[in-house]
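Working notes, beginning with the structure itself.
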Amino acid sequence: MAFTLAFHIILVPLGVSWSVMTLIANYRGIKHQDADAMLLAQRWSKYMAVTFAVGAVTGTVLSFEFGLLWPKFMGQWGAAFGVPFAFEGIFFFTEAVFISIYIFGWRRLKPWAHFWTGVPIAVAGIFGSISVVAANAWMNSPQGVTLDKSGKVIDVDPMGVIFNDAMPLMAAHMVVAAYLVGGFMVASVYAVGMLKGRTDHYHRMGFIIAFTVAAIATPVQMAVGDTLARWVYDNQPTKFAAIEMVPKTSDDVPEVLLGHLNSEGEVTGGIPIPGLASILSDPSDGTSTVVQGLDETPAADRPTNHEVNVTHLAWDVMVGVGTLLFLLTLWWWAAWIFRRSMPGSKWFLRAAAASGVLGVVAMEAGWTVSEVGRQPWIVYEKMKVEDAATANTGIWITFIGVVILYLGLGVTTILVMRQMSRRFRGGQSGEVDVPYGPSEPIEAGDEKVPL
Amino acid sequence: MDTTAALVLFAAITTYAIFGGADFGAGFWDLVAGGTKRGGRARNVIDHAIAPVWEANHVWLIFVWVLLWTCFPEAYASITLTLFVPLTLAALGIVLRGASFAFRKAVFRTRDRRNFGAAFAISSVLVPYCFGAVIGAIASGRVPAGGKAGAPWGSWVNPTSVLGGVLAVCVAAYLAAFFLVSDARRLSDETMVAYFRRRAIGAAAAAGLVALVGIFVLANDAKYLFDGLTSRALPLVILSAVCGLAALGLLTRRTRHGARLAAVGAVASLVAAWGVAQWDYLLPESLTVSAAAAPTGTMTAVLVATGLAAVLIVPAFVLLYVLDQKTLLPEESMPEPAHSPLEQVSHVTDEPAG
Ligand code: HDD
Ligand code: HEM
Ligand code: HEM
């Protein structure tokens, strides 16, 4: 399950943020009569359709898996957990239909009218991700349900479920992450192209639009993440102790970079920075802020040492990579401010080429923090993982099968996109058959054309 | 409110049966189109019909699952717990199908193409079979309520499930053939119109035959369903048969849209007949709609969401339809620039790979 989600989540940033980048290019194309920008928008819209279709396939599998892997979880909590998903449905449909309209509209609508048909895609993307994250946030902060004595859900307050306390910050963090990761992913492709010598106006523009989106999102993400960390400090002290790897409650807690808990539960290795964890948890009190340790929670109700290590490492990765990406965006802004053009160095492009993968790594690490840090709870303080999982055997076989299939799917996506870009570059018309697009008439004797 | 939610659920199942079914059915015709040379032309039409909606129809399936687990969580838990095997197979089939359809287009060697094509086509048959078997298991009362797992194999390897599976494959092929006739006509390929017309008739005959055999199977194996079908749901069964015959009649008379509509009607009333026959059980004789229903708050939220979706999406679909019919405006929407910088780069490298 975690694997499928982790795969699905890679497509999510593209689904959410690519539409915005496309609209920026489209806007520029109309406003400045820039034919290259228009072409960029046209092509991006078609790649978007492909990622959306793959997202739909993986999403379909997820909707099976909830039941196949956690029937008891769904049986018990479906009535609450499902509510945000019902709303998500609206946004999926909207997104799917408008992607279609946008692609159809290229040669059938006047430019500005066409531009506006793209806006709902971007809006639906944002609300779609907010809805799903609301479901996940509800697992961190399960509100809006009334239970009877036997623990059965007898009443649900949909507003309470959707707008649970964890939702606003988690949703904001996820949406910004989508723009960050999506921007870096697209930019990194163009960075590779530029390193190969394709530095014409078209490629530069593709890079600049995407990287700017990411460069705006990154600092925002740091700020939101910082606030979110403080929310966790206040509301999920055990998870926070796992994140910061704090075995015993105290003040003046050091921030340990890397390192791990040994079998005795003591911090070993790593680089401690004195007092920093306390300062970050509540800057106004400085090093005197008390951080609750793992020992305050009974062993059965807190993550195991191993899980603490995973959480802590994932945390270091998320924040570490986030910081690196932040430095990269500083470079970018500095170049624009002082030289009025993008950084020219090859090293900048190399770093940018790596940023796409780094962004994904940070995002996956963030989910690991959120999910593993919550262990052993699946629904915080209401249900444990062991009570939720299925009793079925043979899950491992399914799991291996799913991994292989997904690798296949990943390769397909990339292959299909490369194929499209080859055709685009091969000088053929911009019209290729894409999911949700109008199809071209078959010409007599036409060999089957690749997508 | 519980009833409304169940009706929405059945409506969603029907929609998936029609659109998803037609998709899977197209895969079936791909499978039986024959060798690479002989089947090439039919596969071309099939490709053309599927490519624009590639895997989008599963959105309906997602909608079914979300409705089921939100509004009737106990039913969802029982179904997935008992029918673990066919549902896993279906999920794998869906991924395999989507991926290999795209792969087939992306590779060039005939042999590769044939392998991916086969994977695509076989999973197109596997998935509807599994769904049919799942429905058979539910309808014959083999899924116990209360989150207890039923028989892992017996629940879906039994006469009613086999019937359900085979019927689902037939129905998918039947629908697809009708749709493909129209697609071929749009492509002005008269040979293919005739080709798929013959297949539509064949599939109709097969579906009819399976349905007839089904009567005996159900009488012995799924008493509750059989009683429902022969009493409450009888008008719908008859309607389905009438639509089916009408579809055949219209097909041979070569009308434009009528045949397709009638075929859709036949399938829709068949699904509806199943629903009415087992009403008001979600899992016959063990879990009723009202017993499985989620609390009122949830139901209200879901129905509001469904209503909103309808309000937002119907106009969007109308817009899409209008666009589809509209002629091109090349000069106004900036066609590709003649001297695109890309044209100068002729060697093939990896540009956007997402
Ligand atoms: C794009 C990548 C990315 C980057 C650069 C960051 N994050 Fe993050 N983080 C995510 C992507 C992410 C995420 C994948 O989107 C998570 C998982 C769940 C969620 O809501 O967001 C997440 C979760 C998450 C959590 C756990 C929330 C929970 O368990 O409920 C905390 C405390 C932070 N983040 C804090 C930070 C801080 C302090 C950062 C920087 C200094 C930071 N994140 C950078
Ligand atoms: C709505 C969203 C999500 C839900 C409902 C959800 C649910 C769960 C549940 C119930 C568990 C505990 C079960 C287990 O340990 O196997 C879990 C664990 C986990 N999930 Fe998620 N998850 C969501 C999103 C994600 C995403 C997007 C990722 C992507 C990386 C992810 C990664 C993980 C990981 C790494 C674990 C830990 C596995 C372990 O400790 O065994 N989750 N999640
Ligand atoms: C029941 C499980 C799920 C289903 C059925 C599902 C289905 C889908 C589908 C069909 C899409 C559209 C494809 C795309 O835009 O790429 C999508 C997008 C998305 N999914 Fe999921 N997904 C599920 C779970 C999750 C989880 C666990 C997360 C993360 C926590 C998630 C986050 C998103 C986001 C943010 C989007 C982008 C919004 C959008 O593009 O509409 N989904 N999902």
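Only the coordinates and a few stated rules stand behind these numbers; no lab work does. For clarity, every value in this text was computed on a predicted model and none was experimentally measured. No Cβ is skipped: glycine too gets one built from the backbone with ideal geometry, and neighbour counts run over all protein chains shown.
Here's how it looks for A:Arg108: its modeled amide H is under 5 Å from those of B:Leu329, which are all 5 or more places away or on a different chain. A simple spin-label model places the labels of B:Asp112 and B:His257 4.2 nm from each other, with each point 7 Å out along Cα-to-Cβ.
Legend: distances between Cα atoms for A:Lys46/A:Lys110; A:Lys72/A:Lys152; A:Lys46/A:Lys346; A:Lys196/A:Lys346; pairs beyond 22 Å are A:Lys46/A:Lys346.
Among A:Val224, A:Val54, sorting on how many other beta-carbon atoms sit within 10 Å of each Cβ, with the fewest leading, yields A:Val224, A:Val54.
Full extension of the segment from A:Lys196 to A:Arg340, taken as 0.36 nm per residue of separation minus the current Cα-Cα distance, would add 49.5 nm. Each Lys or Arg adds one and each Asp or Glu subtracts one; over the other residues with Cβ under 14 Å from the Cβ of B:Val289, this totals -4. Ranked by how many other Cβ atoms sit within 10 Å of their own Cβ, fewest first, the residues B:Val66, B:Val289, A:Val50 fall in the order B:Val289, A:Val50, B:Val66. With R₀ set to 60 Å, the beta-carbon distance separating A:Ala113 from A:His306 gives a calculated FRET efficiency near 0.60. For segment B:89-99, 3J(HN,Hα) computed residue by residue from phi via the Karplus equation (6.51, -1.76, 1.60; θ = phi - 60°) reads 4, 5, 5, 4, x, 5, 5, 4, 5, x, 5 Hz, glycine and proline entered as x. Taken along the Cα-to-beta-carbon direction at a fixed 7 Å, the label points for A:Gln33 and B:Arg185 span 4.7 nm. Shown is the FRET efficiency for A:Arg230 and A:Phe163, computed with R0 = 25 Å from the Cβ-Cβ distance and rounded to the nearest 0.05: 0.80. What does the net charge come to around A:Ile130 if you take all other residues with beta carbon closer than 14 Å to its beta carbon, with K and R at +1 and D and E at -1? Charge balance in the 14 Å sphere: -2. Summarising the amide proton neighbourhood of B:Leu287: residues at separation of 5 or more, or on other chains, whose placed amide H is nearer than 5 Å comprise B:Leu282.
What FRET efficiency comes out for B:Val157 versus A:Leu327 if R0 is 60 angstrom and r is the Cβ-Cβ distance? Round to the nearest 0.05.
That pair, B:Val157 with A:Leu327, gives E of 0.50.
Computed over neighbours whose Cβ is under 15 Å from that of A:Phe66, the net charge equals -3, Lys and Arg +1, Asp and Glu -1. A simple rule links phi to the HN-Hα coupling: the Karplus curve 6.51 cos²θ - 1.76 cosθ + 1.60 with θ = phi - 60°, which for segment A:120-133 gives x, 4, 5, 5, 5, x, 5, 5, x, 5, 4, 4, 5, 5 Hz, with x for Gly and Pro.
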